[in-house]
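Below is one structure, written out as structure tokens, with a few remarks after it.
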Amino acid sequence: GETTPTLTFTLLRDTAFTATFMPDSMGCNITLLTNDTSMGNVAGGGMALIGRTITLTAMPNEHYRFVKWSNGETTPNIKLTATHDTTLTAYFERDVYTVTTIVNNAAMGSVTGGGEYDYGDIVNLQAMPNAHYHFVSWSNGATDESLSVTVGGDMSFTATFAPDVYVVTVNANIPEGGAVTGS
């Protein structure tokens, strides 16, 4: 029952010993990692018999996507024949979403900040009225020209502009001389 390669004993009678040898390894260890565990998980790693084909799976969490394995494979489910200890890393990235900006009338103003962003990014939108127009509100009810939003999916925001209103007052220079209308 001894498992050390050297055995020391006191010889008291005729004794027979059998040494049992095994290959260094009948299996190999498949270690799976991720670039960020908050983005996704992996399955299929562990000990595998040499020569066996195993399936490795990369599973992205919500709002993340699988990009590639460290061996260059770009599909999330791959088959691997176990030949030696192997370490593979699954790489995940945040999903990309579109923030769309619209204006009610392009002659009245414009908006900056729309485009493609990663999930969780904070985006700053800016409404800029043209001369003789003013900003009214965003489609979500916000009334500040600057709007910060956290990207959680595809989003759309409309900036509403309106013409400036001016007061025209008319007076007669000699009230006895007549009346003026149109104020």
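The values are calculated or read from the model by the stated rules, or taken from the named source; none is laboratory data. Remember, predicted model here, so these are calculated numbers, not experimental data. Counting neighbours? That spans all protein chains shown, and the Cβs are built from the backbone with ideal geometry, glycine included. Areas reflect the complete protein model, heavy atoms only, side chains present, ligands, DNA and RNA absent. Shrake-Rupley method; radii C 1.70, N 1.55, O 1.52, S 1.80 Å.
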Beyond 23 Å, what share of the Cα-Cα pairs of region 20-124 is found? Please give it as a whole percent.
48
For the chain, what is the accessible area per residue in Å² when the probe is 1.4 Å?
68
Antiparallel bridge percentage (DSSP; both residues within the chain; nearest 5):
80
Where the only charges are on Cβ atoms (+1 Lys, Arg; -1 Asp, Glu), what is the dipole of region 1-155 about its Cα centre, to the nearest 20 debye?
460
Choose one of Thr31, Ala90, Gly113: the residue whose Cα lies farthest towards the positive end of the charge dipole of region 1-124 (beta-carbon charges +1 Lys, Arg; -1 Asp, Glu; about the Cα centre).
Thr31
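Contact order normalised by length for the chain, with contacts defined as Cα pairs under 8 Å and 6 or more residues apart; what percent is it?
Working: 363 pairs, mean separation 28.3, N = 183.
Reported relative contact order: 15 percent.
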Specify the residue with the greatest mean-square fluctuation among Val165, Val67, Val123, computed from a Gaussian network of the chain linking alpha-carbon atoms under 10 Å apart.
Val165
Identify which of Phe135, Phe17, Phe157 has the largest mean-square fluctuation in a Gaussian network model of the chain, with springs joining Cα atoms closer than 10 Å.
Phe17
Report the rotationally averaged projected area of the chain based on its alpha-carbon convex hull, in square nanometres.
20.0
Using a 10 Å Cβ count of at most 14 others and DSSP loop calls, identify the longest part of the chain lacking such trypsin sites (Lys or Arg not before Pro).
53-183
Using the charge dipole of the chain (Lys, Arg: +1 at Cβ; Asp, Glu: -1 at Cβ; taken about the Cα centre), state which of Thr6, Leu56, Leu147 has its Cα farthest towards the positive end.
Thr6
